[in-house]
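Notes follow once the structure below has been shown.
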């Protein structure tokens, strides 16, 4: 009986080992195949650009591409449709440096790349490229982030172009994230599905129920620490609404929820919390905590006069419903232009 049990245990162990080998190898094969396909598509784009479009009239060149697509599709399948051939050309046009493409091919799928090359603005495209790789977004998440105008909502988008470039290089080359890259305004919390009337407690509870989506909005390096975290100053207790830790920033992030408009007295409250966390909760090697006040409304002039950035406090609106795309775009672009004009005059 013992011999049989030993044989069965040995069999199960061998099975698990072989199963893991198969899974690992399949993953490597899939990754390798994806990498080779991305490189293939870039090379096809290169050949079409230089051997067809540069040598022929525009309309004639498009006719040649149509014929080429038809023949390739008959032979090799749907991956060579006319629209996909034009995606390959655009891919080459956007990334002419083959060494960059070699790196990208091991990190992103062709479906990721198709979404990214649709973006015309170079800095915005680099943002989604860097964040997509860094946070390992699926294609679905990448589309959602583009649709929610994540780039325009970051603090970074309101900085000078040189600052944006430097922060993206820092993320690419050293895997370090700046606070400007992390902070947003507004935050889109439409997944909470709140009723027309709700309290701060309802808002907090809804966030915890949808914690995974909430963290996704803030970034995958965001980890939950606690709710209604009690701190004691003197003989009085205070409660931090939500406390998180950002692994890449290496700092605690507290979030205070306010239903109405931001008020100056909120600054004092959050400053107290930050000083307490800095003194009692900050570990060796960590950066000072930062605070985010999420409110339904805010007056930009009030926020600017209080110079909250110097206190490590960021005030941002939250949206439980996304307005029309046109209204949302207009609002965000106006905020970016206003911020950049202010920087010029400083």
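Considering segment 289-323, the residues that are assigned to a loop (DSSP other than H, G, I, E, B) and more than 25 Å from the chain's Cα centre (by Cα) include one that is surrounded by the fewest Cβ atoms within 10 Å (Cβ to Cβ), namely 307. Take residue 61 and decide whether it is more than 30 Å from the chain's Cα centre (by Cα) and without any contact (Cβ under 8 Å) to a residue 60 or more places away in the chain. Yes: the conditions hold for residue 61. Can residue 60 be described as part of a helix (DSSP H, G or I) and either on the phi > 0 side of the Ramachandran plot or buried (at least 16 other Cβ atoms within 10 Å of the Cβ) (or both)? When the stated conditions are applied, residue 60 does not pass them. Considering (1) touching a helix residue (DSSP H, G or I) at 6+ places or on another chain (Cβ under 8 Å); (2) modelled with pLDDT of 95 or more; (3) not in a loop (DSSP other than H, G, I, E, B), the lone condition that residue 104 does not fulfil carries the number (2).
Contact map, segment 74-97: residues that are touching a residue at least 40 places away in the same chain (Cβ under 8 Å) paired with residues that are not in a helix (DSSP H, G or I), Cβ distance under 7 Å, separation 6+ or inter-chain. Pairs shown: 87/117; 90/117; 91/117. Residue-level check: of (1) in contact (Cβ under 8 Å) with a residue 60 or more places away in the chain; (2) within 25 Å of the chain's Cα centre (by Cα), residue 241 misses just (1). Within segment 114-225, considering only helices (runs of 4 or more DSSP H) that don't extend past its boundaries, which have at least 3 residues that are out of contact with any helix residue (DSSP H, G or I) (no Cβ under 8 Å at 6 or more places or on another chain)? Where helices (runs of 4 or more DSSP H) fall fully within segment 114-225 and carry at least 3 residues being out of contact with any helix residue (DSSP H, G or I) (no Cβ under 8 Å at 6 or more places or on another chain), they are 139-147, 161-174, 200-209, 211-218. Annotation: residue 114 fulfils all but one of (1) modelled with pLDDT of 95 or more; (2) under 28 Å from residue 311 (Cβ atoms); the unmet one is (2).
Taking first residues from segment 166-184 that are more than 14 Å from residue 132 (Cβ to Cβ) and partners that are loosely packed, with under 15 Cβ neighbours inside 10 Å, the Cβ contacts under 7 Å between residues at least 6 apart in sequence or on separate chains come to 170/176.
Considering 125, 149, the condition of being in the same structural domain as residue 342 (by TED's automatic domain parsing), in contact (Cβ under 8 Å) with a residue 24 or more places away in the chain and within 22 Å of residue 102 (Cβ to Cβ) is satisfied by 125 alone. For residue 220, the requirement of being in contact (Cβ under 8 Å) with a residue 40 or more places away in the chain and either within 30 Å of residue 123 (Cβ to Cβ) or outside the structural domain of residue 280 (by TED's automatic domain parsing) (or both) is met.
Residue-wise test of (1) in the same structural domain as residue 302 (by TED's automatic domain parsing); (2) farther than 22 Å from residue 148 by Cβ; (3) surrounded by 13 or more Cβ atoms within 10 Å (Cβ to Cβ).
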| site | (1), (2), (3) |
| --- | --- |
| 165 | no, yes, yes |
| 179 | no, no, yes |
| 212 | yes, no, no |
| 225 | yes, yes, yes |
| 233 | yes, yes, no |
| 256 | yes, yes, yes |
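The values are calculated or read from the model by the stated rules, or taken from the named source; none is laboratory data. The structure presented is a predicted model; accordingly, all values stated were derived computationally and were not measured. Note that we place each Cβ from the backbone using ideal geometry, even for glycine, and neighbour counts take in every protein chain shown.
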